[in-house]
Amino acid sequence: MTLTVNGKAMQVPPGTTLQQLMVSLSTTGRGSAAAVDGVVAPRSRWESLELRAGQQVEILTATQGG
């Protein structure tokens, strides 16, 4: 199925959870956040939040610097 992740189309298997997506993108570390269709998804729900075709996922990672 196709999702839009940070503005780019991405193919993932049906039934993919937000946690699985984050792991595949190596963005599960501290300082990562995700929103699905404009709604912030709490980290506690990533494992149970099953993504659907056509959804838009935005992933943010905090970085240090100045």
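The values are calculated or read from the model by the stated rules, or taken from the named source; none is laboratory data. All values derive from a computational prediction rather than experimental measurement. Virtual Cβ from ideal backbone geometry, glycine too; neighbours counted across all protein chains shown. Heavy atoms of the whole protein, side chains included, go into the accessibility calculation; ligands, DNA and RNA do not. Shrake-Rupley method; radii C 1.70, N 1.55, O 1.52, S 1.80 Å.
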If I model a spin label at Leu60 and Lys8 as a point 7 Å from the Cα along the Cα→Cβ vector, what separation in nanometres do I get?
2.0
Just to be sure I follow the definition: excluding the sites themselves, where is the longest run in the chain that has none of the trypsin sites (Lys or Arg not before Pro) in a DSSP loop with at most 16 other Cβ atoms within 10 Å?
1-29
For the chain, which whole-number percentage of the solvent-accessible area (1.4 Å probe, protein heavy atoms only) is attributable to carbon and sulfur atoms?
52
Would you mind getting the accessible area per residue of the chain, heavy atoms of the protein chains only, 1.4 Å probe, in Å²?
67
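Tell me, what is the Rg over Rh of the chain, with Rh the Kirkwood radius over Cα pairs?
Ratio of gyration radius to Kirkwood radius: 0.96.
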Per-residue HN-Hα couplings for the stretch 22-39 [Karplus 6.51, -1.76, 1.60; θ = phi - 60°; Hz; x = Gly/Pro]:
4, 4, 5, 9, 6, 10, 9, x, 4, x, 9, 9, 9, 10, 10, 6, x, 10
Calculated from DSSP H runs of 4 or more alone, at -39500 (n - 2.57) each and per residue, what is the 222 nm mean residue ellipticity of the chain, nearest 500?
-2500 deg cm²/dmol
